[in-house]
């Protein structure tokens, strides 16, 4: 399957809703009544300071990144929402958490800030995985007609 066909065959509703889900969680997670106050204190910013950021660029780039994450999750074979949460949690454990924790330690962030941020990504990716997997599977070809990416996934799974 060519790359363009692969992209066009994606379940874009699942990907879009998955991307939006992590934003909804972020608005809750970083709300001052949840973790927002501790997070701002930990990074040395006030609510006014946070509001002075280029929100259009921040949210625009964050949304594109969320779409890419949801797209990558949608690419795996689906076995239900809990399977999506599992895939997302493994992505968090082996990729997201190590990178974020390492960068945060170099930036001399407090453990409070680190736990707030990596906790958000654990819960956010799990929710995104559940949403993407609940809204439907990528339309895979019939048996024997799998595309190259799907064959690569199967080969990787056979190594475990």
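Derivation of every value follows stated rules applied to the coordinates shown; laboratory data play no part. Note that the structure is a prediction, hence the values are computed from the model and not measured. Glycine gets a Cβ as well: all are built from the backbone with ideal geometry, and neighbour counts include every protein chain shown.
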Cα-projected label distance for residue 112 with residue 63, points at 7 Å along beta-carbon direction, nm:
3.3 nm
With each label point set 7 Å from Cα along the Cα-Cβ vector, what nm distance links residue 47 and residue 9?
5.0 nm
Which peptide among 129-135, 45-51, 62-68 comes first, and what is the full order, when sorted by highest mean count of other Cβ atoms within 10 Å?
129-135, 62-68, 45-51
If you count, for each residue, the other Cβ atoms within 10 Å and average over each peptide, how do 69-78, 25-34, 112-121 line up from highest to lowest?
69-78, 112-121, 25-34
Could you work out the mean projected area of the convex hull around the alpha carbons of region 3-151, in square nanometres to one decimal?
10.0 nm²
